[in-house]
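Everything on this sheet refers to the single structure shown next.
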Amino acid sequence: MIESLHSPHIGRVKALIGSKGAKERREQGLFVAEGVQCAREALASHEGPELKILYATESGLSKISELDLNSIEIVEVSEAVMKAMSDTVSPQGLISLCYKPELEISELEATGSSRFIYLHEIQDPGNAGTILRTADAMGISAVITSPDSVDMYSPKVVRSTAGSLWNVPVYEGISFDRVASQFPGAQKLLLSSHARTSILDLSISGDCIAIFGNEARGVDAAAVGAAVTEVTIPMAGRAESLNLSAAASIVMFTLSSKVAG
């Protein structure tokens, strides 16, 4: 068991979640996922990010004792070392060090009823993680982010996904022109408060790409460089607008229901 607060393992983990973490994650091809749910998903997934090392306290291991841990590298650490490694106030005793997936957008295929989410210059980690979590729940095929969007493997995003990062493929830094050229027949929807078409009234057939813009600026239809249908969420109450992740959740639920229908 590692008990020294000067252990190089601490420095390795802290480098990946610190202020220069994005650079470290790119160069090392690794990211950090904290908590029980992320550990469970990392251990169970056959398609998501691969687990490299599981750092665990004795109490942390007890929370996943029913899982097969024989095939992975486990580094047991003291509670003090876990706290030094952690990016959270109350660590759960499990930190997964995982490989970042090397996904190529050219390999993403549409099925004829695919639902893709495109995030245009999204900045808030909590919004990004919640959107990915909802995408998992709603059966979304993939989440794609634009250049200058939040790092989907940053600690706050990973925590906000609650393990869904292992269930939905994520393609980062892809221009919408690239996506549109790969899926020319897909219906392209842009959520906009100025639109006249309600998402509820929209008829959807075939593949679909739903576009969500920056929290503060949104995204202009002309900026995505492709023919899009602007849609809005009808609101009967007095709120002027919805939080981005809340609005995206409503859109994804609607798209999911239209698939089912």
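Coordinate-derived values only; no laboratory data. Just so you know, these numbers come straight off a predicted model, no measurement behind them. When we count neighbours, we look across all protein chains shown, and the Cβ atoms used for this are built from the backbone with ideal geometry, even at glycine.
For the reader, a short list of remarks on this structure follows.
- For D87, the shell of other residues with beta-carbons less than 12 Å away shows a net charge of +3, using +1 for Lys and Arg and -1 for Asp and Glu.
- Global geometry of segment 121-257, whether rounded, prolate or oblate, following the gyration tensor of its Cα atoms and the 1.5 cut on a/c: rounded
- Here the peptides 85-92, 1-8 are ranked by packing, the mean other Cβ count within 10 Å, and the order with the highest first is 85-92, 1-8.
- In this simple spin-label approximation, E50 and E76 carry label points 7 Å from Cα along the Cα→Cβ vector, and these lie 2.7 nm apart.
- Helix axis angle, 8-17 relative to the chain longest principal axis, alpha carbon, degrees: 10
- For the chain, built as a Gaussian network whose Cα springs stay under 10 Å, the top-fluctuating residue of S106, S146, S78: S106
- Prolate/oblate/rounded call for segment 8-99, Cα gyration tensor, a/c under 1.5 rounded: oblate
- Exposed-site-free run, longest, the chain (rule: trypsin sites (Lys or Arg not before Pro); DSSP loop; at most 12 other C-beta within 10 Å): 21-195
- Out-of-range pairs (alpha-carbon distance over 23 Å; input K14/K156; K52/K156; K156/K188; K20/K100): K156/K188
- Cβ-based net charge around K156, under 12 Å, with every Lys or Arg adding one and every Asp or Glu removing one: -3
- Choice from E104, E230, E50 showing the highest fluctuation, given a GNM over the chain with Cα pairs closer than 10 Å: E104
- Here the spin labels are modelled as points 7 Å beyond Cα on the Cα-Cβ line, and at K14 and S193 they lie 4.2 nm apart.
- Local net charge near A186, Cβ-Cβ under 15 Å (Lys/Arg +1, Asp/Glu -1): +1
- Placing pseudo-labels 7 Å out from each Cα toward the beta carbon at L202 and D177 gives an inter-label distance of 2.4 nm.
- Taking the Cα centre of segment 126-261 as reference, the dipole from Cβ charges on Lys and Arg (+1) and Asp and Glu (-1) amounts to some 240 debye.
- Residue with peak Gaussian network fluctuation, the chain [Cα springs, cutoff 10 Å], from M138, M235, M82: M235
- Ordering S106, S154, L242 by Cα displacement along the dipole of the chain toward the positive end leaves L242 in first place; charges were set at the Cβ atoms of Lys, Arg (+1) and Asp, Glu (-1).
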